[in-house]
1. Return the residue satisfying two criteria in turn: it lies in segment 70-94 and is in a loop (DSSP other than H, G, I, E, B) and not hydrophobic (A, V, I, L, M, F, W, C), and of such residues it is nearest to ligand 1 (Cβ to nearest atom).
2. Would you be able to tell me the number of residues in segment 116-135 that are polar (S, T, N, Q) and open to solvent by 50 Å² or more (accessible area, probe 1.4 Å)?
3. How about segment 100-115: which of its residues are open to solvent by 100 Å² or more (accessible area, probe 1.4 Å), more than 8 Å from ligand 1 (Cβ to nearest atom) and more than 21 Å from Gly157 (Cβ to Cβ)?
4. Answer with yes or no whether Pro138 is within 16 Å of the chain's Cα centre (by Cα) and open to solvent by less than 10 Å² (accessible area, probe 1.4 Å).
5. Among the residues of segment 34-53, are any outside any helix (DSSP H, G or I) and surrounded by 16 or more Cβ atoms within 10 Å (Cβ to Cβ)?
6. List the number of the failed condition for Leu38; all other conditions in (1) in contact with a Leu (Cβ under 6 Å, 6 or more places away or on another chain); (2) under 21 Å from Val183 (Cα atoms); (3) of a type outside the set (S, T, N, Q) hold.
7. For a quick check of your reading: which helices (runs of 4 or more DSSP H) sit entirely within segment 111-215 and have at least 2 residues that are more than 11 Å from ligand 2 (Cβ to nearest atom)?
Amino acid sequence: MPTTPAHPRFQVVAHPLIRHKLSFLRDAQTPTKLFKELVDELAMLLAFEATRDLALTTVRIATPLEPTDAERLAEPDPVLVPILRAGLGMVDGIRALMPSARVGHVGLYRDHDTLEPVAYYFKVPPDVAARTVFVLDPMLATGGSAADAITQLKRAGAQQLRFLCLVAAPEGVAKMHEAHPDVPIFAAALDRELSDIGYILPGLGDAGDRLFGTR
Ligand code: PRP
Ligand code: URA
């Protein structure tokens, strides 16, 4: 089982606040409300790193004292694309940083027996080709869902893609490297391995169920 995935664009965003918050996220005793708050906060911290190279444009403004040049994010606004359901949990935190971001949706669930992704919904802005796309899902397990979502987004024209997850398994990173080596991955943690039934170990359990209180 690989523990250091060969993916040149895979990055664990190292920060004490991320590690601290992850410890509560992983804890089985953490209640739904706190779990959701932590997902938002972690998503925001990841987004800070994942937006580091966004293009800026110079604008002329007037401070209360004098005119000056200032920088703003270049148009057009980026798109956040949560993979339903659990990716939805990451949207609010990132939108707090980028309130004008558009939000697309990719609906996928893992078949419990085959672990293969099953697609049920897809909606993104028509001009997605011109926008930076942040694909969001807390869990990168086998990598099937993320790889399939990104394939669908590329088919729709997306060219500038980044994938943000909270917990990654080596298997998922390897799958992404094989399917989409051009897409950078920003993760809060790289865990040990997948269980026999496709759960990340040590992981945090079923992210969707913990976010939405469905178990
Ligand atoms: C979870 C998770 C990812 C997927 C990861 O979703 O949110 O989308 O599994 O697994 P993979 O890397 O092996 O594809 P799930 O299928 O449980 O659907 P849900 O978010 O609707 O609960
Ligand atoms: N999906 C989850 O929600 N958790 C895992 O550990 C694996 C896939």
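1. Arg85
2. Of the residues in segment 116-135, 0 are polar (S, T, N, Q) and open to solvent by 50 Å² or more (accessible area, probe 1.4 Å).
3. Listed by number, the residues that qualify are His112, Asp113.
4. In short, yes.
5. Yes, segment 34-53 contains a residue that is outside any helix (DSSP H, G or I) and surrounded by 16 or more Cβ atoms within 10 Å (Cβ to Cβ).
6. Failed condition: (2).
7. Those helices (runs of 4 or more DSSP H) span 144-155, 170-179.
Conditions (1) crowded, with 22+ Cβ neighbours inside 10 Å; (2) under 25 Å from Arg52 (Cβ atoms); (3) small (Gly, Ala, Ser), marked per residue:
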position	(1), (2), (3)
Ile150	yes, yes, no
Ala158	yes, yes, yes
Val167	yes, yes, no
Glu171	no, no, no
Glu178	no, no, no
Asp182	no, yes, no
Leu201	no, no, no
Arg210	yes, no, no
Arg215	no, no, no
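The values are calculated or read from the model by the stated rules, or taken from the named source; none is laboratory data. These figures come from a predicted structure and were not determined experimentally. FYI the Cβ positions are ideal-geometry reconstructions off the backbone, even for glycines, and counts take in every protein chain you see. Side chains included, ligands, DNA and RNA excluded: accessible areas come from the protein's heavy atoms. Shrake-Rupley method; radii C 1.70, N 1.55, O 1.52, S 1.80 Å.
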